[in-house]
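Since the structure comes first, as structure tokens, the remarks are kept for the end.
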Amino acid sequence: MATSGRSAIIVGAGIGGLATALALQNTGWKVHIIERSGSTAGPGTGLSLLPNGTAALERLGVLREFERVSVPVHGGTLDLDGRPIMAWDQEEVSSRYGRPIRTVHRADLMSLLAGALAVNTVHRGLPVVRFEPGAPTSTVTLENGGQQSAELVVGADGLHSVVRKGLIGGPAPRSSGITAFRAICPSPDQGAGNLPWGETWGPGAVFGITPLSGNRIYWYGTISNEEFRTSSLPTLKAMALDRFGHWNQGIAQVIRQTPEEAVMAHELFDRKPEPVWSGRSATLVGDAAHPMLPFLGQGACQALEDAVALADALAAHGSVREGLLAYDAERVPRTSRIVNRSRTMGRLAQLERPGLRKMRDTVLRLIPRQLRLKQLDSVLGPSAS
Ligand SMILES: Cc1cc2nc3c(=O)[nH]c(=O)nc-3n(C[C@H](O)[C@H](O)[C@H](O)COP(=O)(O)OP(=O)(O)OC[C@H]3O[C@@H](n4cnc5c(N)ncnc54)[C@H](O)[C@@H]3O)c2cc1C
């Protein structure tokens, strides 16, 4: 791994790491990604990319490829009777933000980002066990004992980031008290039109269904950790069917046709926003910097924005240090607001008590559609800040 010249090491080849590598290579950096996993297969789940995420992909030069592997979605939030709580359609979203919301298989997004990189950028099967910030270079230590230094090290190593620990320390991720089920299944041959597309909000739980390319469906459901831990059902599929199947026949149909091994469940975490991410020759992107709850669909979108903003800031400033200061100044306030807003949205979506849910639904239905979208301008607008 040659790291001479204007060169960077990125730890982690998730969406954030791959996008950052591409953004830096596009502006002339030599980049090496060090990834602990030996496998190129991305996680088997779906992802919604909102207009701001897609705008970042356009800046990265991969919009066409993205459009080929993703599909536009209609959406909104429904109550248990299938009545809209917050409806929107793609025409409204597209006319306001210049592009629709699209869903994609994560593996497809990761593979198109990886495919746009210079050959031999990603080095797999190499867990990083320690990070030491410094100047003019920072250093990562690999599990195999090897060490690599560069004038720029980017921690793109996710929620439990080793780079973050060495760079800014701080408390452990905070639990949301929520567990999410996720799965991909084939689209039904008949009756797909009757599925409750979008997100259904039930008592203390949420269930979402979105289409994916290749005649597939991505679904997810969230429940409290307590409920998840105390379930006596033998499989994740049985738990999901028991919790959500009676909400709606379409939901039951989608869960039933999902292979048992395709259902996964994870506890959801975020972190309290920190005022600084960068050192003199190192910084963070994506979940390493600002893990957030998924209720605004912004985690990956913000990782893509980080990638573009970091490359722009470094290109606009003479030294890495100045570039990193500008990157923090642009990204920390915006992502901190979105972390907090995602948490609030999660609380709202997971309300349990019938009276509170009824009040929430009534208030949300009273907000005019245009005003509702306007409230998202600061998140979804391509040049939002
Ligand atoms: C249930 C759920 C639904 C979501 N839905 C959406 C959505 O619809 N839209 C959206 O925009 N976002 C969504 N997100 C958020 C999104 O998935 C994440 O924000 C995004 O994947 C973060 O990417 P990342 O590259 O920063 O981190 P990760 O995807 O976690 O990647 C980190 C990479 O670093 C590697 N790594 C970790 N430690 C080391 C180490 N020590 N050494 C070397 N490599 C290491 C890992 O193997 C991994 O490849 C969702 C999240 C969840 C949990």
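The values are calculated or read from the model by the stated rules, or taken from the named source; none is laboratory data. Just so it is clear, the model here is predicted, and its values are computed rather than measured. As a convention, Cβ positions derive from the backbone with ideal geometry for all residues, glycine included, and neighbour counts pool all protein chains shown. The area values use the complete protein model at the heavy-atom level, side chains included, leaving out ligands, DNA and RNA. Shrake-Rupley method; radii C 1.70, N 1.55, O 1.52, S 1.80 Å.
Brief remarks follow.
- Filter pass, residue 20 being more than 8 Å from the ligand (Cβ to nearest atom), among the polar types (S, T, N, Q) and crowded, with 17+ Cβ neighbours inside 10 Å: yes
- Of the residues screened, residue 39 is one that is open to solvent by 30 Å² or more (accessible area, probe 1.4 Å) and outside any helix (DSSP H, G or I).
- Across the range 186-208, the number of residues qualifying as at pLDDT 95 or above, in contact with a helix residue (DSSP H, G or I) (Cβ under 7 Å, 6 or more places away or on another chain) and under 22 Å from residue 47 (Cβ atoms) comes to 5.
- Filter result for the condition that a residue is more than 21 Å from residue 8 (Cβ to Cβ) and touching a Phe, Trp or Tyr at 6+ places or on another chain (Cβ under 7 Å), over 186, 203, 173: 173
- Residues located in the range 189-207, provided they are outside any helix (DSSP H, G or I) and of a type in the set (A, V, I, L, M, F, W, C): 195, 197, 201, 205, 206, 207
- Number of the exception - residue 95 against (1) open to solvent by less than 40 Å² (accessible area, probe 1.4 Å); (2) more than 24 Å from residue 310 (Cα to Cα): (1)
- For the range 204-238, the set of residues classified as open to solvent by 40 Å² or more (accessible area, probe 1.4 Å) and either farther than 18 Å from residue 264 by Cα or hydrophobic (A, V, I, L, M, F, W, C) (or both) consists of 214, 215, 228, 233, 236, listed by residue number.
- Residue within the range 271-293 that is free of Cβ contacts under 8 Å to residues at least 24 places away in the same chain, more than 8 Å from the ligand (Cβ to nearest atom) and either under 19 Å from residue 164 (Cβ atoms) or open to solvent by less than 10 Å² (accessible area, probe 1.4 Å) (or both) present: no
- One residue stands out among those in the range 43-80 that are of a type in the set (S, T, N, Q) and under 13 Å from the mean Cα position of the chain (by Cα): the one that is modelled with the lowest pLDDT, which is 45.
- So residue 120, is it within 16 Å of the ligand (Cβ to nearest atom), part of a loop (DSSP other than H, G, I, E, B), without any contact (Cβ under 8 Å) to a residue 40 or more places away in the chain and assigned by TED's automatic domain parsing to the domain that holds residue 344: no
- Sole exception among (1) of a type in the set (Gly, Ala, Ser); (2) surrounded by 15 or more Cβ atoms within 10 Å (Cβ to Cβ); (3) at positive phi for residue 70, by number: (3)
- Of the residues screened, residue 164 is one that is open to solvent by less than 20 Å² (accessible area, probe 1.4 Å) and either without any contact (Cβ under 8 Å) to a residue 12 or more places away in the chain or part of a helix (DSSP H, G or I) (or both).
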